[in-house]
1. Could you check, for the range 44-53, whether at least one of its residues is part of a strand (DSSP E or B), farther than 30 Å from residue 313 by Cα and within 15 Å of the ligand (Cβ to nearest atom)?
2. Kindly list the number of the only condition in (1) touching a helix residue (DSSP H, G or I) at 6+ places or on another chain (Cβ under 7 Å); (2) more than 16 Å from the ligand (Cβ to nearest atom); (3) not in a strand (DSSP E or B) that fails for residue 215.
3. Looking at residue 82 and the list (1) without any contact (Cβ under 8 Å) to a residue 24 or more places away in the chain; (2) within 12 Å of the ligand (Cβ to nearest atom); (3) over 20 Å from the mean Cα position of the chain (by Cα), which single condition is not satisfied?
4. Hey, can you tell me all the residues within the range 179-207 that are in a strand (DSSP E or B) and either in contact with a helix residue (DSSP H, G or I) (Cβ under 8 Å, 6 or more places away or on another chain) or within 15 Å of the ligand (Cβ to nearest atom) (or both)?
5. Could you say which residue among 282, 356 is assigned to a strand (DSSP E or B) and either at pLDDT below 95 or surrounded by fewer than 18 Cβ atoms within 10 Å (Cβ to Cβ) (or both)?
6. Only one of these conditions is not met by residue 156: (1) within 15 Å of the ligand (Cβ to nearest atom); (2) more than 20 Å from residue 249 (Cβ to Cβ); (3) not in a loop (DSSP other than H, G, I, E, B). Which number is it?
7. So which pairs qualify, if the first residue must be in the range 194-206 and within 17 Å of residue 268 (Cβ to Cβ), the second must be within 12 Å of the ligand (Cβ to nearest atom), the Cβ gap must be under 7 Å, and the two must be at least 6 apart or on different chains?
8. Those residues that are in contact (Cβ under 8 Å) with a residue 24 or more places away in the chain and either assigned to a helix (DSSP H, G or I) or within 10 Å of the ligand (Cβ to nearest atom) (or both), I need them from the range 167-178; list them, please.
Ligand code: NAD
């Protein structure tokens, strides 16, 4: 097809989809829709007949069915046009945890989210679904089948997570059935799947550099890794069930694969699936922990003369060596949630999608 004709058809589809004929309940905006989770969310929303706006600081993909609004979520002026006329907003934007920028985390995740809430109200949005994180209750010690009733972490694992807590509290407390503004938070953990720019590429890079040799602890600690399509499913169910129902609105929900897996088994399956060797030497948990602590203290002492950012930190050790898996019973009961994709299929599809990273043998 000639490019001009293609573009004209794209404009027609966009016009049709944005017209008043689409019921308002099916009009939504995905803030952070250019990201990993956001793109999967957009795809499933379109497949379910929604009209989708994407608001992001960048345009991550091309799709004539989607209207893009580029801007910073901290700016009401930028955000308002993307929210006007939609009933539902999915907020899954965040700076990447790896950016390690405290000021940015606070500005975007907390102050920016307060702007999202205010702008939703100004624009007449009825439902706000936040992507939070199960880590908001994790302090680096074992959590087994943790429920949403556990308190927020007093000592969160990092500053990024601290701002996720502030963000979730702001969204849930903004829930106001009297003013027809309903909020809910979805807490995924360890999202993975095709096109994930973080987990698999970073893991393979570490394996290439020979850094994936050691297992911290006995390798039996169970963790939740959640396939991206299941996470999306949880969000859409939340949007569709969110009504003036005290069991739902203003609450947080864990969304998991409901199949916790030993942390090191999961990594081994990805690595061996891509022809890399799985880690095989064990290092006792407390040895790794205190080594990381020592390293952190050394780095702090050297800070006046040398700026280093160690990746081997006590919190990283805790993330890799403790149990932290969460119950999704509340989502099952209140939202009718069931994972759509099993862990076996999810790992298989993820490995397939990253076959370009496979080690040649
Ligand atoms: P991602 O980095 O792939 O996507 C985030 C998107 O937000 C990006 O497209 C980015 O451009 C956009 N963004 C950042 N700052 C913005 C701003 N100021 N204004 C507008 N857009 C902005 O991240 P992801 O992995 O898709 O994560 C999505 C959400 O899920 C985040 O809220 C994250 O905290 C949460 N989460 C992720 C995981 C995981 O394992 N990836 C686990 C738990 C929770």
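The values are calculated or read from the model by the stated rules, or taken from the named source; none is laboratory data. Because the structure is a prediction, the values reported are computed rather than measured. Heads up, the Cβs are rebuilt from the backbone with ideal geometry, glycines too, and the neighbour counts pull from every protein chain shown.
1. Yes, because at least one residue in the range 44-53 is part of a strand (DSSP E or B), farther than 30 Å from residue 313 by Cα and within 15 Å of the ligand (Cβ to nearest atom).
2. (3)
3. Here residue 82 meets the rest and fails (1).
4. Once the filter is applied, which keeps residues that are in a strand (DSSP E or B) and either in contact with a helix residue (DSSP H, G or I) (Cβ under 8 Å, 6 or more places away or on another chain) or within 15 Å of the ligand (Cβ to nearest atom) (or both), the range 179-207 yields 181, 183, 184, 185, 186, 187, 191, 192.
5. 282
6. The number of the failed condition is (3).
7. 199/192
8. Within the range 167-178, 167, 168, 170, 171, 172, 173, 177 qualify.
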